[in-house]
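The values are calculated or read from the model by the stated rules, or taken from the named source; none is laboratory data. Everything quoted here is computed from the prediction, not taken from an experiment. So basically every Cβ, Gly included, is an ideal-geometry build from the backbone, and we count neighbours across all protein chains shown. Surface areas here come from the heavy atoms of the whole protein model, side chains and all, with no ligands, DNA or RNA. Shrake-Rupley method; radii C 1.70, N 1.55, O 1.52, S 1.80 Å.
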Amino acid sequence: MRYFSRLLVIVWTVLRFGLDDVALSGLPQRRFRLLHRLLSLGRKWDEPRGVRLRLALERLGPIFVKFGQVLSTRRDLVPPDLVDELAKLQDRVPPFPAAQSQALVEKAFGKPVSELFATFDAEPVASASIAQVHFATLKDGREVAVKVLRPGMLDIIEDDLALLRTLAGWVERLSADGRRLKPREVVAEFDKYLHDELDLVREAANAAQLRRNMQGLDLVLVPEMHWDLCSPEVIVMERMYGVPIGQVERLRAAGVDFKKLARDGVTVFFTQVFRDGFFHADMHPGNIQVSLAPATFGNYIALDFGIIGTLTEVDKEYLAQNFIAFFQRDYKRVAELHIASGWVPAGTRVDELEGAVRAVCEPHFDRPLKDISLGQVLMRLFQTSRRFNVEIQPQLVLLQKTLLNIEGLGRQLDPDLDLWATAKPFLERWMNEQVGWRAFVNQIKKEAPRYAQLFPELPRLLHDALKQQASASEAKALRVLLQEQRRTNRLLQALLYAGMGFTVGLLVAHILVQARPLF
């Protein structure tokens, strides 16, 4: 009943805010226009459709807000009036009361706010779907940002995830395409990352790891965590000063080079994915700022580390080989990689899959990003994947989502950005570091501490190995000697038995000969 009531709330919200009107009004097919007219009879809305969509997503909760955040970066797929409203979901979700926020901070650390901070701004500076942020000053004068988890989030998310699991099960039972898309595994991945996001200590640990990874790149800044003021419900971090990346006019007035900013964004993303296998997976504009400080002018500032994606070495190598094959237009290699990885059935003909991939990708090379219709590409890829029974890999769902965000940001900063040309040299350099002499040297450097620890022990280890080898040789010689002795014993026993038999035979024959005259 609890899940059913939640489903009723969703349906009621859709009808109340006219989301059916938002969805059907943009469809050109005659049958959908007719359905739109029928559903619109007797209904009237005072607010624009973008406002209604945003309010509905806010009312439905964090999962739906995150869906709206992703859509807000897709100006090529979503009408401008909807995107402008959805952009407000990035950091302007209605906050919860300041008194409640302070009470949560005091509960987390067991002290009044006045003892923890010199100043604490009751008015939140940002409010998102999972938490809200307040500025404060520590007793030693350092300026910090305090992130407080929204109360009651776990119950809401559990209800929505239960509905998603049920819907995923229906899809798998009713549709062959649904089974191929693995909806239940995708929901399980979403479940994992949402629950991770509800633990702010995990977010703080993610930020610390990302900060270490990015230190040598000098393109992105990550706030430092104050670990003595971190708990699952509240974390305190270094305050960052920057301009939200969505404020394009302000950045342009400050003299930021947008072409360089777009290229740097691609470099940061591919470094996190292919070098570290640890990437920021919630890169919507609300979580990214640009520094205007003289020492770090034009650098990115990353915020909100609740959702982090990870890739194994196998995943990284497979993806890199696919990207490079795409950049080189080696569609046969792409087809072979898909078959070798098990993404498509082993019996698939390479030439057929090669031709299908070529037909999808070839028209989009050597064109600026603004001229590429991602919607058409995704539709063609979906048709191709359905034809060849391609299986969706749930572990790459976050990477796919982040790629959409990156492309949306690239389009906003530099519509003429050639994503392929920008990424290709980086991936080729990365692949060169994974194979050949450079890879060998890097592996030696990586294993050097272990080798340094083992080197003083080499004489003893060598002596033990030789001793074991000598012992093994002696044991082997002893086994051979014992085998020979057993063989000799068996031969002597056979000779003895033969002699005894011969002697007994002669004795019996002699007795018979002597006894013959008596008969």
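Observations, loosely collected:
- Residues of the stretch 137-157 satisfying the condition of being touching a strand residue (DSSP E or B) at 6+ places or on another chain (Cβ under 8 Å), outside any loop (DSSP other than H, G, I, E, B) and not hydrophobic (A, V, I, L, M, F, W, C): Thr137, Glu143, Lys147
- Checking Arg52 against (1) open to solvent by 30 Å² or more (accessible area, probe 1.4 Å); (2) more than 30 Å from Ile235 (Cα to Cα); (3) modelled with pLDDT of 80 or more; (4) not acidic (Asp, Glu), the condition it does not meet: (1)
- Odd one out for Glu143 among (1) modelled with pLDDT of 80 or more; (2) surrounded by 15 or more Cβ atoms within 10 Å (Cβ to Cβ); (3) over 24 Å from Val65 (Cα atoms); (4) among the acidic types (Asp, Glu): (2)
- When the residues of the stretch 1-46 are filtered to those that are out of contact with any helix residue (DSSP H, G or I) (no Cβ under 8 Å at 6 or more places or on another chain) and under 17 Å from Glu85 (Cβ atoms), the one that is modelled with the lowest pLDDT is Gly26.
- Residue match in the stretch 185-197 (condition: over 21 Å from Asp282 (Cβ atoms), in contact with a helix residue (DSSP H, G or I) (Cβ under 9 Å, 6 or more places away or on another chain), surrounded by 14 or more Cβ atoms within 10 Å (Cβ to Cβ) and at pLDDT 75 or above): no
- Sole residue being more than 21 Å from the chain's Cα centre (by Cα), in contact (Cβ under 8 Å) with a residue 24 or more places away in the chain and under 22 Å from Leu409 (Cβ atoms), chosen from Leu303, Leu261, Leu353: Leu261
- Selection within the stretch 227-281 - open to solvent by 40 Å² or more (accessible area, probe 1.4 Å), assigned to a helix (DSSP H, G or I) and acidic (Asp, Glu): Glu249, Asp276
- Residue within the stretch 221-237 that is more than 30 Å from Gly152 (Cβ to Cβ), touching a residue at least 40 places away in the same chain (Cβ under 8 Å) and of a type in the set (Val, Ile, Thr) present: no
- Residue within the stretch 351-361 that is open to solvent by 20 Å² or more (accessible area, probe 1.4 Å) and at pLDDT below 80 present: yes
- Pair list, Cβ < 8 Å and 6+ apart or interchain, from the stretch 264-291 residues that are closer than 15 Å to Glu428 by Cα to residues that are polar (S, T, N, Q) and in a strand (DSSP E or B): none
- Failed item, numbered, when Ala421 is tested on (1) in contact with a Ser or Thr (Cβ under 9 Å, 6 or more places away or on another chain); (2) at pLDDT 65 or above: (1)
- Residue check: Gly286 meets all listed conditions (1) part of a helix (DSSP H, G or I); (2) small (Gly, Ala, Ser); (3) surrounded by fewer than 19 Cβ atoms within 10 Å (Cβ to Cβ) but one, namely (3).
- Tyr300 being within 28 Å of Asp257 (Cβ to Cβ) and open to solvent by 10 Å² or more (accessible area, probe 1.4 Å): yes
- Considering residues of the stretch 155-165 that are within 21 Å of Leu104 (Cα to Cα) and more than 22 Å from the chain's Cα centre (by Cα) only, the residue least open to solvent (accessible area, probe 1.4 Å): Ile156
- Qualifying residue in the stretch 169-183 (condition: basic (Lys, Arg), modelled with pLDDT of 95 or more and within 21 Å of the chain's Cα centre (by Cα)): no
- Residue ID - farthest from Leu164 (Cα to Cα), chosen from residues in the stretch 198-221 that are out of contact with any Phe, Trp or Tyr (no Cβ under 8 Å at 6 or more places or on another chain) and open to solvent by less than 30 Å² (accessible area, probe 1.4 Å): Met214
- Applying the condition of being open to solvent by 10 Å² or more (accessible area, probe 1.4 Å) and outside any helix (DSSP H, G or I) to the stretch 308-324 and asking which residue is farthest from Leu221 (Cα to Cα) yields Thr312.
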